[in-house]
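Here's the structure we're looking at; comments come further down.
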Amino acid sequence: MKKINLTLLLSFCAIALYAQDSYMEIVRSTIKNEKKALIAEVMQLTDEESSVFWPVYNEFDQQMYKLNTDFYNLINEFADNFENMSDEKAKDLLSRAGKYEIEKEKLKNKYFKKMLKVISPQKTLRFAQASHKIEVMIDAQLASEIPLLESIE
């Protein structure tokens, strides 16, 4: 994967944390396009494979976008409550973060199965690897931007 594209993608992730809603959508759209370009570069699909892979990918990406919207809302709630986090709010955020992770894994597995029906297992695995690497880099960038909750006890 091209280093410049990854750097750009991660920069947009950091910006997205602090963006207003309208700007946030522009940033998220840019991230989405950069991610798709990286996936296209890595996958090295034939024309025939492309014609069946991209509709499944686009559907997957749309569902992940919806799920990630919930996660961004969760991050914003954390930020809004950061200085005065109650135990009740902390429990709520923990519960919702756990549910997000479970739903994300279910969604990935659902679409990996769909991809196996249209492209080879090796190419599906390549997609899973590339997608995971991008996800880990985005998560690392987000984690570096989100401070740890101060102990209030």
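Nothing in this text is a laboratory measurement; each read-out follows from the coordinates by a stated rule. Owing to the predicted nature of the structure, the values given are computational and were not obtained by experimental measurement. We place every Cβ from the backbone using ideal geometry, glycine too, and count neighbours over all the protein chains shown.
Quick look at the values:
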| quantity | calculated |
| --- | --- |
| Gyration tensor verdict on the stretch 94-150 (Cα atoms; rounded if a/c is under 1.5, prolate if a/b is larger than b/c, oblate otherwise) | oblate |
| Relative contact order, percent, the stretch 3-145 [alpha-carbon distance under 8 Å, six or more residues apart] | 40 percent |
| Qualifying trypsin sites (Lys or Arg not before Pro) for the stretch 101-138 [loop in DSSP, other Cβ within 10 Å: at most 15] | Lys117 |
| Sites Asp47 and Glu135, calculated FRET efficiency, Cβ-Cβ separation with R0 25 Å, nearest 0.05 | 0.35 |
| Radius of gyration and maximum dimension Dmax of the stretch 3-145, Cα, Å | 16.5, 55 |
| Additional length obtainable on full extension of the chain from Ile75 to Glu25, 0.36 nm per residue less Cα span | 16.4 nm |
| Label-zone membership for the stretch 113-151, site Glu59, 7 angstrom Cα→C-beta point, backbone N under 19 Å | 113-121, 123-125, 127-128 |
